[in-house]
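**Q** Just passing along the structure, written as structure tokens.
Values quoted throughout were computed directly from the atomic coordinates according to the rules given, and no laboratory measurement underlies them. Computed from a predicted structure; not experimentally measured. Heads up, the Cβs are rebuilt from the backbone with ideal geometry, glycines too, and the neighbour counts pull from every protein chain shown.
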Amino acid sequence: MDLFGNRPAIRLFAAVALVVLTGVVIAACGGSSSDSTSGGSTEASGESKEASGGGETAQVDCPVKVLSVANFTGEGSQNGATVKGGAEAAMAQIEKEGGVLGCPIELVTKDNGSDYTKSLPLMQAAISEEDYANVNAPDFGCASVLPLVNKKELLSITDCSVQGTANPKYNPFTFETAYTGGGIDAAAGKYMVEEKGYKKIALITDNTAYGTSAKENLESAASEAGGEVVDTEQVGLEEVNFSSAIQRAEASHPDALMVDLYGAAMGHFMNDLETSGWKVPTVSGFSGTATNLEQLGVPKAQAEGLETAGVTSMGLPLNERSAELVKQLKADGAKIEGSLAQYAQNHDWMTLFAWAANETGSLEPEAITNFLAENGETPVPHLVMGETTGYTPECHEFAAPEGLAMLQGGYFEQGGLPLVAPLKIAVTECPKPLGS
């Protein structure tokens, strides 16, 4: 049996990897409003299909509905754009290849308006009205919906990026598609102390679970390397004035500043730091890597003084696949508002769902998460990041095998790729559990 199985009903991903680029371009130009649905029309809504796979037969209602609760408007709308763009790109290709268990996918979106306290009630309301084969709450609202996902035994393939979410012991119905932010912050802390010689570090991050993960991991990594975090400021992502937080951080007299903020908050912070006159070496974590500072009005000269930490699949010089993707997107007039890696991750969660469902012949949550865990190191040709991202079962997460990257400058050209090549920092150990 080959990678995709030899059963005709489940040969969804038989084409070569680059074929996905056509689907990416087609979907990138389309758009749909929040709190809306989108999907193929190869089968009539409500029709039932019998699908076989893995030696079992499943009765499936068409279309197969998936739910995404994300920040489609507001300060973090860059993320919402990549959630929708990446998912719809994958859906276009999946439908072309035969759908999920013979059915088209219908994507239902709910907008939290970048108010992440709304993610849980929006998810609760949505699942009370309809059944979904996969529910997704990426970004900072992710951690809040996990108890609901577990209680209701819902499948959630998602790019949460918050450490601990992908542990099958506690979250058996969740499968993480992104390298956890905590691991990136740990690597950044190690880099700052060991490579740059900064012994005292101040941290400015958000007040979500992601920020707490950043704090715990940076403190642990800095301590192990012989340094310390002398001040931590956790602020709201809706803030527009970071002057007080910057003043408190400066008063701790650090050798360097670590900032892990996303979107508009990162732009406001960078401008406030420049206004403050505090000249301090500054490193940004995963969130900063995913933020387009140019779009937020941060002068290029200022951004070039920033180092950002991210996975190598986000920062390596253009490889053949990413170069072709960006070329086609530009030719078609499409625009990626965040980083190419985020766009790809949101392509990945939809692709992984379709792949696992077709391979198992089932929409049963644990069957899908178990399949993905057992086959995580198998290349999936249709994953845009497939050549640089593989599942590491011992860490319960996807990670770039080549490690993490430190990038000089936080500016992005069209397509979301950093302008400067990274210095690779190998990370071989799993991040420590939050609070350990």
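**Q** Normalise the Cα radius of gyration of segment 91-176 by 2.2 N^0.38 Å (N = residues in it) and let me know the number.
**A** Cα-based Rg divided by the globular estimate yields 1.13.
**Q** Taking the Cβ-Cβ separation of E228 and K300 as r and a Förster radius of 51 Å, what is the calculated FRET efficiency to the nearest 0.05?
**A** Approximately 0.95, to the nearest 0.05.
**Q** Could you work out the local net charge near S284, counting Lys and Arg as +1, Asp and Glu as -1, over the other residues with Cβ closer than 9 Å to its Cβ?
**A** Once positives and negatives cancel, what remains is -2.
**Q** Give me, ordered by chain and number, the residues 5 or more places off L203 or on other chains with an amide H under 5 Å from its own placed amide H.
**A** Residues meeting the criterion, in which the H sits 1.01 Å from N, are D231, T232, E233, M258.
**Q** Let me ask you something else. What ranking do S144, S156, S362 get, fewest neighbouring Cβ atoms within 10 angstrom at the top?
**A** S144, S362, S156
**Q** What residues have an amide H closer than 5 Å to that of C62, excluding those fewer than 5 places away on the same chain, when H is modeled at 1.01 Å from N in the peptide plane?
**A** For C62, the qualifying residues are G46, E47, S48, K49.
**Q** For segment 152-301, rounded, prolate or oblate, judged on the Cα gyration tensor with a ≥ b ≥ c (square roots of eigenvalues), a/c < 1.5 rounded, else prolate if a/b > b/c?
**A** Since a/c reaches 1.5 but b/c is at least a/b, the shape of segment 152-301 is classed as oblate.
**Q** Quick check: pseudo-label points 7 Å beyond the Cα along Cα→Cβ at N375 and K200, how many nm apart are they?
**A** 5.4
**Q** If you add up the charges near G74, with Lys and Arg at +1 and Asp and Glu at -1, over every other residue whose beta carbon is less than 9 angstrom from its beta carbon, what do you get?
**A** With Lys, Arg at +1 and Asp, Glu at -1, the net is -4.
**Q** Sticking with this structure for a sec: Using the Karplus curve 6.51 cos²θ - 1.76 cosθ + 1.60 with θ = phi - 60°, what ³J(HN,Hα) values do you get for each residue of segment 251-268, in whole Hz, with x for Gly and Pro?
**A** Using θ = phi - 60°, the values come out as 5, 7, 6, x, 7, 7, 10, 9, 10, 10, 10, 10, x, 4, 4, 5, x, 4 Hz.
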